[in-house]
Structure formats: structure tokens, C-alpha cells
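As C-alpha cells, the structure follows; a few thoughts come after it.
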Amino acid sequence: MSEVKEKATVLVVDDVPDTVEALRRNLVAEQYRVFTAPGVAEALAVMETTPIDLVITDYKMPKMSGLELVRHIRENHQDMEVIMITGYPSVAGAVQAVKSGAEEYLPKPFTDAELREAVSRALEKLHRRRLGGATAAGPLPSPHGLIGQSKPMLKVFKSIGKVASSTATVLITGESGTGKELVARAIHYCSSRAAAPLVPINCGGIPESLLESELFGYVKGAFTGAAESRAGFFQTADGGTIFLDEISETSLNMQVKLLRVLQDREIYMVGSTRKRKIDVRVLASTNKSLPLLVEKGLFREDLYFRLNVVNIELPPLRERGDDIVLLIHHFSKKYSQELGKPQPTFTDRALQALRDGCGWPGNVRELENIVHRLVVMAEGDKIDVPDLPALMRFAVSPQPDLTRTLAEVEAEYIRNVLTNVDGNRTRAAEILGIDRKTLRGKLG
């Protein structure tokens with residue numbers, strides 16, 4: 001334990017100066033490096049600039065309580081242990097402290113031996129956590145290559161199974177990033193057309209002036225630069241499936257031509273008067289409300305009815321519950337393998353924070369990007385709440401105690417600087433911008 005003790009840095013947070021001093025002396029006698037703070041705001045300032053191993057904090061303090069500090073530590077500082085002390089012992093208080101993340105709960109008065117044992121236990125836990133850690137195994141993918149076991153996703157899987165055996169046109173709807181193209185791929189590869197091509201088209205990614213020739217092809221001489229005839233996406237997909245992603249982005253003029261294809265199963269290449277028969281199943285998707293666009297005159301009602309033979313609506317990620325945890329493990333395994341590094345373990349608190357998320361406006365795509373970044377940036381084998389984006393962590397806004405005198409603030413700052421340089425007064429004077437004589441005078 002001596003090696004752990006010599007390297008351990010402890011921050012004592014209490015608004016009672018006598019208690020702070022008593023704790024500081026006991027801990028210094030045990031060879032710990034000790035910083036002190038009279039409140040939560042001052043403690044946050046110390047943690048911003050100094051690596052702390054253990055925080056010993058009072059339960060009840062003015063402005064902000066020790067519980068708020070504990071929660072802030074748990075969600076913003078991965079490598080730190082906490083001991084809660086209080087002069088108001090109660091079972092409810094102990095339970096609340098432990099739930100917030102305190103490793104130990106010491107009611108006042110406590111003996112020097114009880115303090116030493118609590119500090120020792122907390123630092124041993126920290127030491128073991130730094131040494132240990134296991135890799136979480138990823139879940140098996142759900143049917144059709146999609147991930148999910150929630151009721152909304154099971155409903156989607158059931159729909160995919162039903163429509164795959166038919167030739168019906170399917171409209172896949174849902175917010176951006178929910179996996180509409182994955183559903184289209186599942187429908188195609190579970191169908192009798194699986195051996196033929198699946199051709200996905202991003203309707204919003206092709207300029208309007210080029211979309212017709214890209215979809216239907218063109219004959220030689222159809223326009224300037226058409227030196228030879230070229231087949232379009234519909235011919236490429238013949239016998240298979242074409243997926244018109246973001247169909248709502250097409251113009252009314254293009255919608256007329258798509259309607260003709262769906263009605264007659266025929267196309268006209270640009271520059272040709274000869275119709276060509278095609279055998280293509282059409283799947284389409286949108287993240288917008290087509291009925292609302294029809295109402296506004298921005299989408300043809302007859303085309304909407306042709307597309308909406310079967311509608312599969314994908315649920316947003318925020319409504320998929322524990323699917324988020326399955327997806328986290330899936331993506332962490334995927335990117336760990338790509339990077340050639342061990343798959344990290346997500347702590348229970350990190351998984352809960354990700355599950356609660358921030359509404360997930362970007363849905364599965366946003367979650368995948370976050371997990372990818374976490375795997376890339378992971379330094380150890382565990383990912384905890386402090387590793388997550390700031391919006392997913394609880395944070396306390398510093399509120400300094402403005403009732404303290406300048407002399408009190410100065411004395412505390414000088415003491416912490418001295419501790420940080422292991423009592424080297426020359427170095428402390430340099431940092432403070434004063435000479436040794438002035439420093440000696442301020443120390444009294």
C-alpha cells in the first residue's frame with residue numbers, strides 16, 4: 001500500500017476550517033499530498049488544474065452540497081475516488097451518497113483510524129480499477145443484418161419478412177439516420193431478387209438537370225457531350241431492385257416521369273422515342289411527411305399513392321430503449337476490429353448515460369459516430385461517463401463563495417501552490433510572482 005500512498009493526491013472539501021485542518025494534518029502524516037477547498041466551486045477550480053486521486057468532501061455545505069460535487073466527479077472525472085463525510089448521519093443520506101458515487105461514507109465524529117482505513121480502501125479500489133478491466137462481448141446481429149430487440153424494431157423485422165416475398169412497392173419512412181437504406185437492403189436480400197443488383201440512388205444528391213439521364217440513360221447525340229449511348233440506373237437494376245432514397249427531394253417534373261415508370265414499367269432514354277420494358281422493384285424512402293408535402297403542392301398525390309403500397313416506418317433511436325446498448329456493443333466491436341485494438345468495456349454508468357442520451361436527433365448514425373470516436377480516442381480498456389461528450393454528462397457550474405475575505409482566498413491559494421510544488425518555496429514564489437521574503441511574510 002505504501003507505493004499507492006506516496007503517489008496519492010487528496011483534495012479535502014469542507015466549509016469548516018477546523019475540520020479541514022484536522023483532516024489535512026492526518027493525511028499529510030500518512031504521506032499523502034493534500035489540497036484543500038472550502039466549497040464546491042473552489043474544489044472544481046483545483047480539479048481543473050491538478051490531477052486528484054481522492055476527494056474527501058463534506059455532505060452539507062453552503063451554495064452547493066457535497067452530493068452535487070460527487071455527481072460532478074462521477075460524470076466528469078473517470079480516475080477519481082470519493083469519500084463523503086457528514087455531521088448529519090442518516091441511512092437515507094448514506095444511501096444517497098453511495099448512489100451518487102461516493103465509495104465511502106463517514107459520519108462524524110470518526111477516529112483517525114477510521115479515516116485512514118476509509119482512505120486506504122478507496123485508494124485500493126482506484127488502484128485495482130487502473131490495473132484491471134474486462135472486454136465486453138458484442139451481441140449477435142438481429143435478423144436481416146439489423147440490430148435491435150425492442151418492440152418497434154421487431155415490428156419492422158416482421159414487416160420486412162412479409163414484404164420481401166412480394167413485389168410490392170415499399171415506402172420506408174423515418175427520421176434521418178434511422179437506417180432506411182439498411183431496411184431496403186434487407187428487403188432486397190431476403191427476396192427472390194437477391195441474386196440481381198440492388199441500386200441505391202440518393203435523389204437529393206444528383207442535380208435536377210442530370211437526374212433524368214442518370215435514372216433512365218441517354219442515347220448518342222441526345223445532348224451536347226453525349227458521344228455514345230449510356231444505360232441509366234433503371235436498366236442497371238433490371239431484374240433486381242432500385243432504391244430511391246429521399247424521394248421527396250425530386251421535382252414535380254421528375255415525379256411525373258417516375259409515376260409513368262411505376263404505372264407502365266417502361267422507361268424512355270433521354271433523346272429516344274422508343275420505350276423500353278423494365279423489370280425492377282421500386283423501394284423509396286423519405287425523412288419528410290409526404291402527405292404534408294402533397295397538401296402544400298410540393299409532391300404529387302398520385303405518385304404518393306403509387307409509392308405507399310406498403311409503408312415501413314422506422315422508429316427514432318430515442319424510442320428503442322435497450323437497443324441503444326446493443327448498438328453500442330456492435331459498433332465498438334466493429335471499430336475495434338478495424339483499428340486492430342482490443343474492444344473497450346463500457347461501464348454501467350456510461351451505458352446509462354448513452355441510453356438516456358440527448359434525444360439522439362441524428363439517431364443511429366449519430367450514435368455510431370460517437371462510439372467510433374470513443375473507440376479511436378480510448379486510452380484504456382474502459383469507457384466511462386467522463387469520456388462521453390459534454391452534453392451527456394452532469395456538470396456543476398462553479399459558483400465561488402463571494403463572502404470570503406481577500407486574505408482568506410489568498411492564503412488558500414498560496415497553500416495549494418506550495419502543496420503542488422512539494423513545499424519548494426523558491427518555485428512557489430516564482431509561480432506567485434513574488435519574492436521569497438514576501439512569501440515568507442504571507443505565510444506568517
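The rows are residues; the columns are (1) hydroxyl-bearing (Ser, Thr, Tyr); (2) modelled with pLDDT of 90 or more; (3) more than 26 Å from the chain's Cα centre (by Cα); (4) crowded, with 19+ Cβ neighbours inside 10 Å.
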site	(1), (2), (3), (4)
12	no, yes, yes, yes
36	yes, yes, yes, yes
90	yes, no, yes, no
94	no, no, yes, no
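Which one of 365, 415 is within 17 Å of the chain's Cα centre (by Cα), modelled with pLDDT of 85 or more, outside any loop (DSSP other than H, G, I, E, B) and not aromatic (Phe, Trp, Tyr)?
Being within 17 Å of the chain's Cα centre (by Cα), modelled with pLDDT of 85 or more, outside any loop (DSSP other than H, G, I, E, B) and not aromatic (Phe, Trp, Tyr) holds for just one of 365, 415, which is 365.
Within the group 400, 344, 389, which residue is over 24 Å from residue 8 (Cα atoms), exposed (fewer than 14 other Cβ atoms within 10 Å of the Cβ) and either in contact with a helix residue (DSSP H, G or I) (Cβ under 9 Å, 6 or more places away or on another chain) or not assigned by TED's automatic domain parsing to the domain that holds residue 43 (or both)? Outline the logic, then answer.
Working: 400 fails: exposed (fewer than 14 other Cβ atoms within 10 Å of the Cβ); 344 fails: exposed (fewer than 14 other Cβ atoms within 10 Å of the Cβ).
Being over 24 Å from residue 8 (Cα atoms), exposed (fewer than 14 other Cβ atoms within 10 Å of the Cβ) and either in contact with a helix residue (DSSP H, G or I) (Cβ under 9 Å, 6 or more places away or on another chain) or not assigned by TED's automatic domain parsing to the domain that holds residue 43 (or both) holds for just one of 400, 344, 389, which is 389.
Could you list, in sequence order, the residues of the range 214-232 that are outside any loop (DSSP other than H, G, I, E, B) and farther than 17 Å from residue 280 by Cα? Passing the criteria: 218, 230.
Of the candidates 295, 301, 338, the single residue that is farther than 23 Å from residue 357 by Cβ, acidic (Asp, Glu) and not assigned by TED's automatic domain parsing to the domain that holds residue 163 is 338. Scoring residue 157 on the criteria (1) part of a helix (DSSP H, G or I); (2) in contact (Cβ under 8 Å) with a residue 40 or more places away in the chain; (3) aromatic (Phe, Trp, Tyr) leaves a single failure, condition (2).
If you take the residues in the range 269-281 that are charged (D, E, K, R) and part of a loop (DSSP other than H, G, I, E, B), which one is nearest to residue 204 (Cα to Cα)? Even if it seems obvious, please write down each step before you answer.
We begin by selecting, within the range 269-281, every residue charged (D, E, K, R); these are 274-277, 279, 281.
Pick out the ones that are also part of a loop (DSSP other than H, G, I, E, B) and you get 274, 279.
Working: 274: 28, 279: 24 Å.
Filtering first and then ranking leaves 279.
Looking only at the range 282-328, filter to residues that are in a strand (DSSP E or B) and hydrophobic (A, V, I, L, M, F, W, C); which one of those is nearest to residue 147 (Cα to Cα)? The residue in question is 312. Residues in the range 344-362 that are within 18 Å of residue 177 (Cβ to Cβ), in contact (Cβ under 8 Å) with a residue 40 or more places away in the chain and assigned to a helix (DSSP H, G or I): 0 in all. Figure legend. Inter-residue proximity from the range 104-122: first residues closer than 14 Å to residue 30 by Cβ, second residues assigned to a loop (DSSP other than H, G, I, E, B) and of a type in the set (Asp, Glu), beta-carbon distance below 8 Å, spacing 6+ or different chains. Indicated pairs: 116/30; 119/30; 121/103; 122/103. A Cβ distance below 6 Å, combined with a sequence gap of six or more or placement on separate chains, defines the contacts here; from the range 248-275, residues that are surrounded by 17 or more Cβ atoms within 10 Å (Cβ to Cβ) reach residues that are of a type in the set (Gly, Ala, Ser) and in a loop (DSSP other than H, G, I, E, B) in the pairs 269/217; 270/222.
The set of residues from the range 369-386 being touching a helix residue (DSSP H, G or I) at 6+ places or on another chain (Cβ under 6 Å) and surrounded by fewer than 20 Cβ atoms within 10 Å (Cβ to Cβ) comprises 372, 386. For beta carbons closer than 9 Å, sequence separation of 6+ or different chains, a first residue in the range 169-181 that is within 11 Å of residue 365 (Cβ to Cβ) and a second that is outside any loop (DSSP other than H, G, I, E, B) and basic (Lys, Arg), the qualifying pairs are 176/365; 177/365; 178/365; 179/365. Taking first residues from the range 384-396 that are part of a helix (DSSP H, G or I) and partners that are aromatic (Phe, Trp, Tyr) and surrounded by fewer than 18 Cβ atoms within 10 Å (Cβ to Cβ), the Cβ contacts under 9 Å between residues at least 6 apart in sequence or on separate chains come to 385/394.
The values are calculated or read from the model by the stated rules, or taken from the named source; none is laboratory data. What you see is a predicted model; the values in this text were computed from it and never measured. Counting neighbours? That spans all protein chains shown, and the Cβs are built from the backbone with ideal geometry, glycine included.
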